[in-house]
Amino acid sequence: MSGGPADGVGAGPGTPPETAGSGPAVSRAEFDSLFASVSTWGRWSPADRGAWNRVTADHVRRAAALVRSGTTVQLGLPWNTRAGPDNSRPALHYMSDLGDVEAPEPATHKDFIAADYHGKAVSHLDALSHVAYRGRLYDGRPARESVDAGGARFGSVEALGPLVTKGVLLDLPAVLGTDWLEPGHAVRATDVAAAERALGVTIDEGCAVLLRSGRFRRRRELGPWDAGAAGAGLHVDAVPLLAERAIALLGGDGDSDVRPSPVEGVHSPVHALAVAAMGVPLLDNLDLEALSAACAEARRYEFMVVVSPLRVPGGTGSPVNPVAVL
């Protein structure tokens, strides 16, 4: 369960490191049973806000009461325009006006940005239209009837709106006394419960759970690798605990799934369970290093979190820069 600067040094940049093991294998039949057990289909209206319907004005007020020092920490990665083993589709950024297009006084400077953001390099939110399992989106909506070349007619990111709620950081390297979790390290239900006890936090209704594996510290010290092939994350046996606690949002410095997948024939099982079964949007590729340091200094691992995705009609998600306030 350890990882540190000495681990994986022999692999060159871009080489998928040896994985630490993705936890016990899960059959497709076992996974389908788990999917049915955590499903919340038919529970909410509007259905395409999914678990964000859990967050009421009382949840927002309780989250605001967690603010003590007023320290704010942004959780999004810098806009990544550099190709690499974990960024096969770099984001775009170029200047479209250098002050020489319009009449002078005042001169203006303009730029253009764009991203194929569902990947491993851009901090983003997955809306409920992003993931289908066995041809169905959340709430049982047929994917082929709900999403086409024009975008999503159900579960779009625009339907979600902003979220303000309690955030909980499950800082697994801090709990284990290591710098990071090795790629392939599976975080089990027992690990989640142990982290709650060690960090003095409680995952409860309507909260946002953020899992830190130390991915970006490892990347900084050892170089990039194919995070789609090997990454620390949740094993599917942790999902029933999160379902029981009635969370509203799940995220991390990876994409929440341990990779390679422990489930036969399902490459992103936590995505399928969270988004398609539970209606829980996901935050992928967060930079949680500054938040880890801020929580350690404050000696508390809960805070107010603010997530405000772009209003993209028909969008399956959005680049996003969430903010934690301690």
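Here's the yes/no breakdown for (1) surrounded by fewer than 17 Cβ atoms within 10 Å (Cβ to Cβ); (2) more than 17 Å from the chain's Cα centre (by Cα); (3) not basic (Lys, Arg):
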| position | (1), (2), (3) |
| --- | --- |
| ARG141 | no, yes, no |
| GLU145 | yes, yes, yes |
| LEU163 | no, no, yes |
| ALA174 | no, yes, yes |
| GLY177 | yes, yes, yes |
| VAL192 | no, no, yes |
| ARG197 | yes, yes, no |
| VAL209 | no, no, yes |
Write out, first by first residue and then by second, each pair whose Cβ atoms fall under 6 Å of each other, whose residues are 6+ apart or on separate chains, and whose first residue, in region 226-251, is open to solvent by less than 10 Å² (accessible area, probe 1.4 Å) while the second is aromatic (Phe, Trp, Tyr). ALA248/TRP52
Among helices (runs of 4 or more DSSP H) completely within region 166-276, the ones holding 1 or more residues that are among the aliphatic types (A, V, I, L, M) and touching a Leu at 6+ places or on another chain (Cβ under 8 Å) are 172-176, 189-199, 239-244
Taking first residues from region 280-298 that are touching a residue at least 60 places away in the same chain (Cβ under 8 Å) and more than 17 Å from GLY177 (Cα to Cα) and second residues anywhere that are open to solvent by 10 Å² or more (accessible area, probe 1.4 Å) and part of a helix (DSSP H, G or I), the pairs with Cβ under 7 Å that are 6 or more apart or on different chains are LEU282/HIS271; ASP287/PHE216
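Looking only at region 129-139, which residues are touching a strand residue (DSSP E or B) at 6+ places or on another chain (Cβ under 6 Å) and either open to solvent by 20 Å² or more (accessible area, probe 1.4 Å) or outside any loop (DSSP other than H, G, I, E, B) (or both)? Walk me through it before giving the result.
Our first condition is that a residue be touching a strand residue (DSSP E or B) at 6+ places or on another chain (Cβ under 6 Å); within region 129-139, this holds for 129-130.
Once the filter is applied, which keeps residues that are touching a strand residue (DSSP E or B) at 6+ places or on another chain (Cβ under 6 Å) and either open to solvent by 20 Å² or more (accessible area, probe 1.4 Å) or outside any loop (DSSP other than H, G, I, E, B) (or both), region 129-139 yields only HIS130.
Show me the strands (runs of 3 or more DSSP E) found entirely inside region 19-128 where at least 1 residues are surrounded by fewer than 20 Cβ atoms within 10 Å (Cβ to Cβ) and modelled with pLDDT under 95. Spell out the reasoning first.
Details: elements: 72-74, 92-98, 109-114, 124-126.
It comes to 92-98, 109-114.
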Every pair of residues 6+ apart whose Cβ atoms lie under 9 Å, when the first sits in region 305-326 and is at pLDDT 95 or above while the second is open to solvent by less than 10 Å² (accessible area, probe 1.4 Å) and among the aromatic types (Phe, Trp, Tyr): ALA324/PHE303; VAL325/PHE303; LEU326/PHE303
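Against the definition (surrounded by 20 or more Cβ atoms within 10 Å (Cβ to Cβ), in contact with an Asp or Glu (Cβ under 9 Å, 6 or more places away or on another chain) and modelled with pLDDT of 95 or more), how does VAL168 come out, yes or no? I'd like the intermediate steps shown before the answer.
Details: surrounded by 20 or more Cβ atoms within 10 Å (Cβ to Cβ): yes; in contact with an Asp or Glu (Cβ under 9 Å, 6 or more places away or on another chain): yes; modelled with pLDDT of 95 or more: yes.
Spelling it out, VAL168 is indeed surrounded by 20 or more Cβ atoms within 10 Å (Cβ to Cβ), in contact with an Asp or Glu (Cβ under 9 Å, 6 or more places away or on another chain) and modelled with pLDDT of 95 or more.
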Looking at region 296-304, can you tell me whether even one residue there is within 14 Å of ARG212 (Cβ to Cβ), out of contact with any Gly (no Cβ under 8 Å at 6 or more places or on another chain) and modelled with pLDDT of 95 or more? yes
Neighbours by Cβ (under 8 Å, 6+ apart or cross-chain): first from region 46-57, touching a residue at least 40 places away in the same chain (Cβ under 8 Å) and under 13 Å from VAL164 (Cα atoms); second acidic (Asp, Glu) and open to solvent by 40 Å² or more (accessible area, probe 1.4 Å): ARG54/GLU205
What pairs come up if the first residue lies in region 82-108 and is closer than 30 Å to GLY231 by Cβ, the second is of a type in the set (Gly, Ala, Ser) and exposed (fewer than 11 other Cβ atoms within 10 Å of the Cβ), and their beta carbons are under 6 Å apart, counting only those six or more places apart or on different chains? LEU92/ALA114
Could you go through region 303-311 and let me know if any residue there is outside any loop (DSSP other than H, G, I, E, B) and open to solvent by 10 Å² or more (accessible area, probe 1.4 Å). yes
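Going by the structure shown, is LEU283 under 26 Å from ARG28 (Cα atoms), of a type in the set (A, V, I, L, M), open to solvent by 10 Å² or more (accessible area, probe 1.4 Å) and assigned to a strand (DSSP E or B)? Talk me through it step by step, then tell me what you get.
On the way: under 26 Å from ARG28 (Cα atoms): yes; of a type in the set (A, V, I, L, M): yes; open to solvent by 10 Å² or more (accessible area, probe 1.4 Å): no; assigned to a strand (DSSP E or B): yes.
No; evaluated as a whole, the condition is false for this residue.
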Can you list residue pairs whose Cβ atoms sit under 9 Å apart, with the first residue in region 112-125 being under 20 Å from TYR94 (Cα atoms) and the second being open to solvent by 30 Å² or more (accessible area, probe 1.4 Å) and acidic (Asp, Glu)? Count only pairs 6 or more apart in sequence or on different chains. VAL122/ASP116; SER123/ASP287
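The values are calculated or read from the model by the stated rules, or taken from the named source; none is laboratory data. Computed from a prediction, not measured in an experiment: that's the story for all the values here. All Cβ positions, glycine included, derive from the backbone under ideal geometry; neighbour counts span all protein chains shown. Quick note on the areas: whole protein, heavy atoms, side chains included, nothing else; ligands and nucleic acids left out. Shrake-Rupley method; radii C 1.70, N 1.55, O 1.52, S 1.80 Å.
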